[in-house]
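The values are calculated or read from the model by the stated rules, or taken from the named source; none is laboratory data. What you see is a predicted model, and the numbers here were worked out from it, not measured in a lab. Every residue, glycine among them, receives a Cβ derived from its backbone with ideal geometry; neighbour counts consider all protein chains shown. We work out accessible area using only protein heavy atoms, side chains counted, and drop any ligands, DNA or RNA first. Shrake-Rupley method; radii C 1.70, N 1.55, O 1.52, S 1.80 Å.
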Amino acid sequence: MSAPTASVAHTPAARATPATALARAYQRLMLLGTLGFLLVVGLTVYSGWQSHMASEEKVIQQQMHSSAIRLQAIIKSASDQITQLATWSTNFPRHAPYPGSADVRQAIAQVRQGAPGSPITLEALAALPAEHRLGQMLALDGAAQARPDGLPSDLDLALSLLGRIGADAQTSPFLRWTYFNAASQNLLLIAPWVATTDLLAGETDSRSFLRHAWNYEVTTAGLPANNPQRQPYWTRAYQDQAGAGLMISHAAPVYWGDAFVGVVATDVLLGFLSDFLREFPDPEGVLTISNEHGQILGDRRVLPAGQAALLASIDTLLPPDLRRGLSLDKLQGETIGSDRVFSASTDNPHWRIIFQLPQATLNQRALADFSAQLVLALFLVLGALLINLLLWRLYVAPALKIADFVAGESAGSHPVLPRVPRLWRPWLDVMAQAFGDRQRYLDELQHSNATLEQRVARRTQALQAANTRLEALSVTDPLTGAFNRRHLFELLISESQRVLRGGEVFSLLMIDLDFFKKVNDGFGHATGDAVLREFVARSQAVVRKTDVICRYGGEEFVVFMPALQSEGAALLGERLRHAIEANWVEFEGAVVAITVSIGVASYRKGESLEEFLSRADHRLYMAKEEGRNRVVSQT
């Protein structure tokens, strides 16, 4: 809910006014509030959307699970049939001899009597009604021979199975063929009944036909080398040679002890799977059934008239590069390509029902269910925007204009009263009157303040002049105008610290006026004072501008010389001594000749000021001892 942009300034310079800053702060605040509000609404919408999507996915998963259970129940009849046939066949030696059907026995006897050595068939059953023609058999003479160890013959087993496989073929519409194929390759029992010529499908040699029957997966997969666990199995899907469409076989090996007897099997027509898939509650998307070999066994898509179902791979619908290694057994709505894919599996056989639904279709369903919440969210956003607009026009923008007016009045620019809504006008009029009164008070206060400042300035100047004089008196000798002893020690302390920090050494001249007491005794103290003042004046004319002359006490003086070694200080002291000696002092008619004795010392880093002054004073003493009027810099 970004705030509407409103002008609160009356001049270009108002861009920098407090009102502008307030407007920007308000806009930032409302922008943050808008983002927070939209975030909450967005999260609510997103949460509701995800909830609807999850609900759609859950419904599909339940439908897939129910379909897998129904499919398992349907194909259980084929599994149960093979299990019963395999169990009967395995236990048959315990029940032999088994009399079998009288009609079948009679037909076999007629064949063997009429054509000894010819293949045994049940062609004679063709005259019976269809419900009595339980099956067809193609057997060689060797099939009637009993096995070693008293085990029955393949023919005896086939006769015992005939009624069982024939009855199952009549009650299961999706079972194409049920048969027993003897491992000796001399017998094949098949139901339902079919003419021998149709069974041989063009082959004239029964022995060759029986041998070729063991070239198919349904028989080879049951061989001991290929199935040492002796478990029932399902074959790959294949096209029926008789044109019945896609089929798949379920078989189980038959053993008598360790002897491999043969295979009982049933061929399942897969056409019923497409009808089964068309009963799926969700009419959209691609729905298929595939086996563990990746073959598509059933597809609910309707084929054009006259087009037979072709054997296809699931990889054509779900390429491995898009699956990214996902297993097809338990897909719970994973995204593969542009589809959401669901799967459910059966245990025996291991078949998968795979449902591919475009993501766009799933989104449309969720959107249809979620449209009411989306409309509500839209109304909330529009309502918030409208409220923000009203707040801006009725309260915020006028408040910012008044703030701009207040800022102008505070700055003394006296702006024109802003145009504001009627509810703000009384308050603005009172504020304008208050600012007028305030301005009058400010003018009076400014006049009084100016008068007071003038008085304070005059008093301050007088005080500063007095302080300057006091400061000069505190460091100056009043008689000679030279600096006093206090100022000397301040300089010495400061310079000694600078030397400790790596600065240049400094020196000083310790000076004493020779026989000054005789001047006072002989000429009077006034003349003595004049001699002291004259000494300072002549010394200032000789020393450097950076040197400082201090009265140390009585007739003793010190010349402080910064950044000067002992040799230079001694030379300067000699010039000073000569200047004093060469010029006599005249005062009130008296002429006084004076000389000075000077001790020179340079500061040594680390020594105390007492030690430093003591060395200078000692050299001054040496100068006096050696006859006065001289400079001593070494001892």
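Given their separation in residues at 0.36 nm each and the Cα-Cα distance between them, R425 and A195 gain 71.6 nm when the chain is fully extended.
Ordered by 1.4 Å accessible area with all protein chains kept, W584, W214, W424 run largest first as W584, W424, W214.
How big is the Rg/Rh ratio for the range 227-285, C-alpha atoms only, Rh by Kirkwood, two decimals? Don't jump to the answer; show the numbers that get you there.
Working: Rg = 16.4 Å, Rh = 14.0 Å.
Dividing the radius of gyration by the Kirkwood radius yields 1.17.
Using a simple spin-label model with pseudo-atoms 7 Å out from Cα toward Cβ, L417 and D205 lie 12.5 nm apart. The simple Förster model, with R0 at 51 Å and r as the Cβ-Cβ distance, assigns S118 and Q231 a FRET efficiency of 0.85. 222 nm [θ] for the chain, helices only, -39500 (n - 2.57) per DSSP H run of 4+, per residue, to 500? Computed ellipticity for the chain at 222 nm equals -17000 deg cm²/dmol.
Comparing Cα centroids, the range 589-623 and the range 357-431 end up 90 angstrom apart.
So if we plug the beta-carbon distance of L29 and S51 into 1/(1 + (r/R0)^6) with R0 = 22 Å, what FRET efficiency do we get, rounded to 0.05?
Numbers: r = 33 Å, r/R0 = 1.50.
Between L29 and S51 the formula returns 0.10.
Listed by number, the DSSP H helices of the chain that run 30 Å or longer by alpha-carbon position along their axis and have mean Kyte hydropathy of at least 0.0 are 18-95, 359-391. The simple spin-label model puts a point 7 Å past each Cα toward its Cβ; for L385 and A541 those points are separated by 9.8 nm.
Between A563 and S410, the FRET efficiency from the beta-carbon distance, with R0 = 45 Å, is close to 0.20. Mind running the shape call on the range 367-480? Use the C-alpha gyration tensor, a ≥ b ≥ c as the square roots of the eigenvalues: rounded below 1.5 for a/c, prolate if a/b tops b/c, oblate otherwise. Cα axes put the range 367-480 in the oblate bin. Express the accessible area of the range 485-632 per residue in Å², computed with a 1.4 Å probe while the remaining protein chains stay in the model. Accessible surface, normalised per residue, equals 49 Å². What percentage of all Cα-Cα pairs in the range 146-224 are separated by more than 18 Å? The share of Cα pairs beyond 18 Å in the range 146-224 comes to 50 percent. Residues of the range 123-143 falling in the label zone of Q110, defined by backbone nitrogen less than 11 Å from a point 7 Å along Cα to beta-carbon, are 123-128. Give the range of the longest stretch in the chain that excludes all GluC sites (Glu not before Pro) found in loop regions by DSSP and having at most 15 other beta-carbon atoms within 10 Å. Within the chain, the longest run free of exposed GluC sites (Glu not before Pro) spans 293-503.
Between L500 and A579, the modelled labels are 3.4 nm apart [label points 7 Å from Cα along Cα→Cβ].
Once Rh is set to the Kirkwood radius over Cα pairs, what Stokes-Einstein translational diffusion coefficient, in µm²/s, holds for the range 485-632 at a temperature of 4 °C and a viscosity of 1.567 mPa s? Walk me through the numbers on the way to the answer.
Working: Rh = 15.6 Å.
Result for D is 83 µm²/s.
Given that just one value was derived from the coordinates, which of (i) 3, 14, 23, 24, 18, 11, 5, 1, 0; (ii) 3, 10, 11, 8, 6, 5, 5, 6, 6, 6, 6, 6, 6, 6, 5, 4, 2, 1, 0, 0; (iii) 3, 14, 22, 26, 21, 11, 3, 0, 0 is P(r) over Cα pairs in 10 Å bins from 0, in percent? Given (i) 3, 14, 23, 24, 18, 11, 5, 1, 0; (ii) 3, 10, 11, 8, 6, 5, 5, 6, 6, 6, 6, 6, 6, 6, 5, 4, 2, 1, 0, 0; (iii) 3, 14, 22, 26, 21, 11, 3, 0, 0, the calculated one carries the label (ii).
If the chain linking L376 and E490 were pulled fully straight, counting 0.36 nm for each residue of separation and taking away their Cα-Cα distance, it would gain 32.4 nm. Applying a DSSP loop filter and a limit of 13 other Cβ atoms within 10 Å to the trypsin sites (Lys or Arg not before Pro) in the range 470-543 leaves R501.
Grab the Cα-Cα distance for A590 and D141, subtract it from 0.36 nm times how many residues apart they are, and report the gain in nm with one decimal.
Between A590 and D141, full extension yields 143.5 nm more.
Taken about its Cα centre, the chain carries a charge dipole of roughly 1740 debye when the Cβ of each Lys and Arg holds +1 and the Cβ of each Asp and Glu holds -1.
How large, in percent, is the carbon and sulfur part of the accessible surface of the range 485-632 at a probe radius of 1.4 Å?
Values: 3680 of 7300 Å².
The nonpolar share, carbon plus sulfur, comes to 50 percent.
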